[in-house]
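So the structure is just underneath, and the comments pick up after that.
Laboratory data are not the source of any read-out in this text; all were calculated from the coordinates shown. What you are looking at is a predicted structure, and each value in this text was computed from that prediction instead of being measured. Heads up, the Cβs are rebuilt from the backbone with ideal geometry, glycines too, and the neighbour counts pull from every protein chain shown.
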Amino acid sequence: MSPEATPSRPTWRCALRGNVLAVGIVSLLTDLSSEMVYPLLPTFVLGLAPAGGAALWVGLMEGIAETTASLLKLASGRLSDALRRRKVLVVVGYGLSTVCRPLTALAGAAWHVVLLRFADRVGKGIRTSPRDALLADSVDAGNRGLAFSFHRAMDHAGAVLGPLAAAGLLWAWLGGAIWGAPAGAAAPEAMAALRRVFAISLAPGLLVMAALLAFVRETAPPEAGRRAARDGGRLPGRFRAYVASVTIFALGNSSDLFLLLYGQTRFGIGIGGAMALWLALHLSKMAFSLPGGWLSDRFGRRGVILTGWAFYALVYLGMARVSTIEGFCALFVAYGFYYGMTEGAEKAMVADFVASERLGTAYGLYHGAVGLAALPASLVFGAIWSAAGPRVAFGIGAALAGVAAVLLAFVSPGRRP
């Protein structure tokens, strides 16, 4: 058995029940609600902003939102350790997002949308680290990869259902005009339809809160305060090396929207094709998530993560060389394999390094580092694309994945105490 492999064999029955099942359902419903709103925000802002100002407002919205979420993940994880309570922060975080998201229907100016998106991401920042610590404490070490991968699969299922629900509603109200109707004063019916979709997103949000309050149970670690105080709350050096390797990878992992942009600019893929590819990618992520988590439990996290990172590099190198639309679409859908191998395993590996009473702090550092690295990653990728072309940008992304893999190859959590 490899050093990072866990001692007990993964079992579906042990992993997919209790808090794992409940939080998975919560994530599915949350993403369903969120993805009814998020893909439509650029069009909505276009109808509210002055001519030519929509791009500025969208950039400001996403920059503020994601930076805020990343910083709050650091703080909320540490707070959950200090309080010795996870669920209260999880409920507050999901509750804030549930309230703010449908309020976008009332926005009368672009800055209203920015403010509500900011509040939504505050909720995400508050809940994410405590939720992951709660999940890690809810299963034994030998089933964590499967548990986190199930959670991600449910996330991706919601990301598929949300846009489908929104598209169905818009089709019912606007018919075929949803493919080309402009937003703004020239198309008041389109803006009114978007507002109705945003308002309806409250329904799955209310189900989220009901599921949280009824089915998610607290898992505060015993003796947390005393044990954390004994060692000053320090995190192991090996864990910090692990976070460093993941952060280097994140610096080369730009937004997946660049892949869509590449397909649109090089191969002429239209709006309908882009939507279909986006849904296909989420389905691919779902298909590989559970196998990836099971493999990480059975054979060790590090090898599965390295496999995923290697595949990521191959996809990026393939994107730099692909010459046909069929090849591009095949690479785009296969890209889900990378997510399946890494998303659950990376989160599960955090708990392999760190004792239970410091899991909130550890997940806060992990999420904060990855989230903050994602900001310059996309900016630098875009700048390289503009200066030297997309092929060079994809090549640099693949190279950073290789550097991160070399570092991770020398990092092992060893045996859990």
**Report entry** On Cα atoms only, tilt of 110-138 relative to the major axis of the chain in degrees
**Finding:** 20
Query raised in the report: Could you list, bin by bin from short to long, the percent of Cα-Cα pairs of segment 10-220 in 5 Å steps?
Result: 1, 8, 14, 18, 18, 15, 10, 7, 5, 3, 1, 0
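Could you work out the relative contact order of segment 267-381? I mean the mean sequence separation of Cα pairs under 8 Å and 6+ apart, divided by the number of residues, in percent. Please report the intermediate quantities before stating the final value.
Working: 95 pairs, mean separation 38.8, N = 115.
That works out to 34 percent.
Only helical DSSP H runs with n ≥ 4 go in: add -39500 (n - 2.57) per run for the chain, normalise by residue count and round the 222 nm mean residue ellipticity to 500 deg cm²/dmol.
Calculated mean residue ellipticity at 222 nm is -26500 deg cm²/dmol.
So how do VAL246, VAL122 line up by other beta-carbon neighbours within 10 Å, fewest first? Write down the numbers at each step before the final one.
Working: VAL246 24, VAL122 19.
Fewest-to-most ranking of VAL246, VAL122: VAL122, VAL246.
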Report task. Work out the P(r) tail for the chain: percent of alpha carbon pairs separated by more than 42 Å, whole number. Result -> 11
Requested in this report: Treating the angle as unsigned and between 0 and 90°, give the value, to the nearest 10°, between the Cα long axis of helix 144-174 and the longest Cα principal axis of the chain.
Outcome: 10
Query raised in the report: Applying the Karplus parametrisation 6.51 cos²θ - 1.76 cosθ + 1.60 with θ = phi - 60° to the phi angles of segment 278-293, what ³J(HN,Hα) value in whole Hz is obtained for each residue in order, glycine and proline being reported as x?
Result: 5, 5, 5, 5, 5, 5, 5, 4, 4, 4, 9, 4, 5, x, x, x
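Suppose a student asked you for the relative contact order of segment 303-361, using Cα pairs under 8 Å spaced at least 6 residues apart; what percent would you report? Before the final figure, lay out each step's value.
Numbers: 30 pairs, mean separation 26.8, N = 59.
Relative CO of segment 303-361 lands at 45 percent.
Restricting to Cα pairs below 8 Å that are 6+ residues apart, what does the relative contact order work out to for the chain? Please round to a whole percent.
Values: 731 pairs, mean separation 121.0, N = 417.
29 percent.
For segment 111-171, count the residues as N, evaluate 2.2 N^0.38 Å, and divide the Cα radius of gyration by that value, please.
Details: Rg = 15.8 Å, N = 61, 2.2 N^0.38 = 10.5 Å.
In units of the globular-protein estimate, segment 111-171 measures up at 1.51.
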Report summary line: For 373-384, 26-37, 141-152, 157-168, ranked highest to lowest by mean beta-carbon neighbours within 10 Å, the order is 141-152, 26-37, 157-168, 373-384
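Where Rh denotes the Kirkwood radius from the mean inverse Cα pair distance, what is Rg over Rh for segment 233-417?
Numbers: Rg = 17.0 Å, Rh = 17.1 Å.
Ratio value, two decimals: 1.00.
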